[in-house]
Amino acid sequence: MDDGFRDLFFTAEDGLRLHARDYGSTDAARLPLVCLPGLSRNARDFHRFARAVPDRRVVALDYRGRGGSAWDPDPANYTVAVECRDLLTVCAALGIARAVFVGTSRGGLILHVLAAMRPELIAAAVLNDIGPEIEGAGLSEIRDYLGRSGAYPSFEAAADALAGIHGATFPALAREDWLEMAQAIHAERDGRIVPDFDPALTAQLQAIDFGKPLPTLWPQFALLAERPVLAIRGAHSRLLSPATFDRMAAAGARTLTAPGQGHAPLLHRPEVLGPVLAFLDGV
């Protein structure tokens with residue numbers, strides 16, 4: 001086990017190689033925690049958070065086309081439905097019949113689908129800056145900055161680029177936070193620092209007609225909210241609106257606002273980590 005975790009590999013239904021990090025546990029009697037990253041992110045996003053969770057097995061997944069998982073030769077498979085099936089494959093391979101889930105952004109959408117497909121698998125859920133209704137303006141911003149992602153000569157340069165793009169909505173972050181983020185979501189290839197995901201992933205965002213209302217997942221959220229749910233919103237988020245956040249609370253979710261952060265909040269920061277760990281202790 002390296003740096004507190006071991007790398008695990010799985011075979012998806014269609015034969016694609018999937019990767020996850022397993023942080024193990026000293027208490028196998030506690031429900032495992034399964035962490036699901038955002039659209040273009042990977043398991044490394046959860047490293048500091050996973051190391052801070054006491055006495056509970058933590059598994060962080062790389063979706064196909066991200067991190068240590070193989071790129072899919074058919075980009076049409078980069079969908080929430082396929083990624084939910086991949087999640088089921090990983091849980092089955094690890095013998096996880098019931099777990100607590102943390103879903104950041106895209107990961108939270110997968111949890112909405114999972115609540116409809118396999119509700120018995122979910123003991124509780126943390127939704128990190130995501131809900132059943134997404135703001136088109138926020139999603140279009142994600143489309144635009146992913147489309148501008150390029151190659152950098154160093155991780156320091158990548159950190160500067162991230163701070164330049166997101167700094168206004170993350171005033172709480174310091175220089176070391178941006179560098180850590182750069183190292184989590186980039187990889188070195190051919191001597192250059194590049195985003196650690198298949199560029200074909202962005203095609204689905206380019207195809208969205210933002211002139212039309214985006215679909216919502218309120219029926220699926222109602223199923224999810226039948227068990228304990230903690231909903232987190234970045235104070236400066238443009239993807240999860242205050243109105244949707246309030247409606248989630250009215251439907252039974254506990255809520256937490258991450259001060260000084262946008263989309264999506266870093267879970268290991270003290271002002272977020274403490275309440276999340278308290279929520280996990282109550283599950």
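The values are calculated or read from the model by the stated rules, or taken from the named source; none is laboratory data. From a predicted model like this one, the values you see are computed outputs, not experimental measurements. Positions of Cβ are generated from backbone atoms using ideal geometry, with glycine treated the same way; all protein chains shown enter the neighbour counts.
Observations on the model:
- When Arg85 is tested against (1) assigned to a loop (DSSP other than H, G, I, E, B); (2) in contact (Cβ under 8 Å) with a residue 60 or more places away in the chain, just one condition goes unmet, and that condition is (1).
- Of the residues making up region 1-31, those that are closer than 16 Å to Val82 by Cα and surrounded by 16 or more Cβ atoms within 10 Å (Cβ to Cβ) are Phe10, Ala12, Leu16, Leu18, His19.
- Of the numbered criteria (1) buried (at least 21 other Cβ atoms within 10 Å of the Cβ); (2) assigned to a loop (DSSP other than H, G, I, E, B), the one Ser149 fails is (1).
- Screening the candidates Ile134, Ile130, Ile142 for the property of being part of a helix (DSSP H, G or I), in contact with a helix residue (DSSP H, G or I) (Cβ under 9 Å, 6 or more places away or on another chain), among the β-branched types (Val, Ile, Thr) and surrounded by 13 or more Cβ atoms within 10 Å (Cβ to Cβ) yields one hit, Ile142.
- Test result for Arg56, crowded, with 21+ Cβ neighbours inside 10 Å, at pLDDT below 95 and outside any helix (DSSP H, G or I): yes
- Residue within region 258-271 that is touching a Ser or Thr at 6+ places or on another chain (Cβ under 9 Å), basic (Lys, Arg) and either in a loop (DSSP other than H, G, I, E, B) or surrounded by fewer than 22 Cβ atoms within 10 Å (Cβ to Cβ) (or both) present: no
- Contacts under 8 angstrom Cβ, first residue in region 163-190 being at negative phi, partner among the polar types (S, T, N, Q) and not in a helix (DSSP H, G or I), 6 or more apart: Thr169/Ser237; Thr169/Gln261; Phe170/Gln261; Ala172/Gln261; Leu173/Gln261; Ala184/Asn42; Ile185/Ser40; Ile185/Asn42
Residue-by-condition table, conditions (1) assigned to a loop (DSSP other than H, G, I, E, B); (2) buried (at least 24 other Cβ atoms within 10 Å of the Cβ); (3) basic (Lys, Arg):
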site	(1), (2), (3)
His47	no, no, no
Ser69	yes, yes, no
Pro73	yes, no, no
Gly103	no, yes, no
Gly107	no, yes, no
Leu111	no, yes, no
Ala115	no, yes, no
Ala123	no, no, no
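- Any hit, region 177-191, residues being exposed (fewer than 15 other Cβ atoms within 10 Å of the Cβ), touching a Pro at 6+ places or on another chain (Cβ under 8 Å) and either at pLDDT 95 or above or not charged (D, E, K, R) (or both): no
- The C-beta contact set for region 192-204 (first residue over 13 Å from Tyr145 (Cβ atoms), second residue buried (at least 20 other Cβ atoms within 10 Å of the Cβ) and β-branched (Val, Ile, Thr), distance under 7 angstrom, 6+ apart or interchain) comprises Asp196/Ile185.
- Taken over region 50-95, the criterion of being of a type in the set (A, V, I, L, M, F, W, C) and under 17 Å from Arg6 (Cα atoms) is satisfied by Ala50, Ala52, Val53, Val58, Val59, Ala60, Leu61, Val90, Cys91, Ala93, Leu94.
- Arg254 vs. criteria surrounded by 24 or more Cβ atoms within 10 Å (Cβ to Cβ), in contact with a Phe, Trp or Tyr (Cβ under 8 Å, 6 or more places away or on another chain) and among the charged types (D, E, K, R): no
- Each residue in region 237-248 was checked for being outside any loop (DSSP other than H, G, I, E, B) and surrounded by 15 or more Cβ atoms within 10 Å (Cβ to Cβ), and 4 pass.
- Reported count of residues in region 262-283, each being closer than 22 Å to Arg106 by Cβ and not aliphatic (A, V, I, L, M), is 6.
- Pair list, Cβ under 6 Å, 6 or more apart: region 1-22 residue in contact (Cβ under 8 Å) with a residue 60 or more places away in the chain, other residue basic (Lys, Arg) and assigned to a strand (DSSP E or B): Asp22/Arg6
- Candidate set: region 142-160, residues that are aliphatic (A, V, I, L, M), modelled with pLDDT under 95 and under 21 Å from the mean Cα position of the chain (by Cα); chosen: the one nearest to Arg233 (Cα to Cα): Ile142
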